């Protein structure tokens, strides 16, 4: 059976689901792919994606796909869309989305705290790399084809639907909670500006909320 694929959009509550999966599945049946410097990244993924630059990207994805489908992996999660893997099955895939305004401010606060940006909030928001991150994170995947699509505003409901769909008993655990910058948290003008720059993400979120 194909694993449960979690399409993990950055700063959208996915760490909570990964933690719950870590408690529900044996460590050997979890495959996480988050870059060579992340200690949670599976050793095979680190070797294939980061250490074998002589191998074309498509071949590396096939190698990971073969490993995931052939070794009894039960839970796969990554910021890299699982839709790029040949073994991907949308009927066994889920994702969690967040209001674009909240996600962008959370992304900015995290980047500042970790020293990954020295941009002002306005410059960060206007950088195209930080716009419509959720739509781009899904890659080639049609969200309407996924088994479960949830929204962070109703995280317990998302977990409940996931459990019903796949016969699991994942716990509702909240990790990495953070607040937006205090001076921006209640700015209607900023919210409208962020939503305009992230129109694709806003459409995704509204569709997911209607489906939840």
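For the stretch 97-212, the C-alpha radius of gyration sits at 1.14 times the compact-globule guess of 2.2 N^0.38 Å, with N the residue count. The calculated FRET efficiency for the pair residue 44 and residue 119, based on their C-beta separation and a Förster distance of 35 Å, comes to about 0.50.
Remark on the stretch 12-63: ratio of C-alpha radius of gyration to 2.2 N^0.38 Å is 1.28.
As a proxy for reagent exposure, 122, 195 were ordered by neighbouring Cβ count within 10 angstrom, fewest first; the result is 122, 195. Taking the longest Cα principal axis of the chain as reference, the axis of helix 155-166 is set at about 20 degrees. The relative contact order of the chain, computed from alpha carbon pairs under 8 Å that lie at least 6 residues apart in sequence, is 30 percent. Checking [x] 161; [y] 126; [z] 141 against volume of the Cα convex hull per residue in Å³ calculated from these atoms, the matching label is [y]. Spacing of the modelled spin labels on residue 66 and residue 129, each 7 Å from Cα toward Cβ, amounts to 3.3 nm. Compute the long axis of helix 14-24 from its Cα atoms, compare it with the longest principal axis of the Cα atoms of the chain, and write down the angle in degrees, 0 to 90, nearest 10. Roughly 30 degrees, rounded to the nearest 10.
Modelled this way, with points 7 Å down the Cα-to-C-beta line, the labels at residue 172 and residue 111 are 3.2 nm from one another.
FYI, it's all coordinate maths here, none of it is from the lab. Keep in mind the model is a prediction, meaning the values are calculated, not measured. Because the Cβ atoms are built from the backbone with ideal geometry, glycine has one as well, and the counts that use them run over all protein chains shown.
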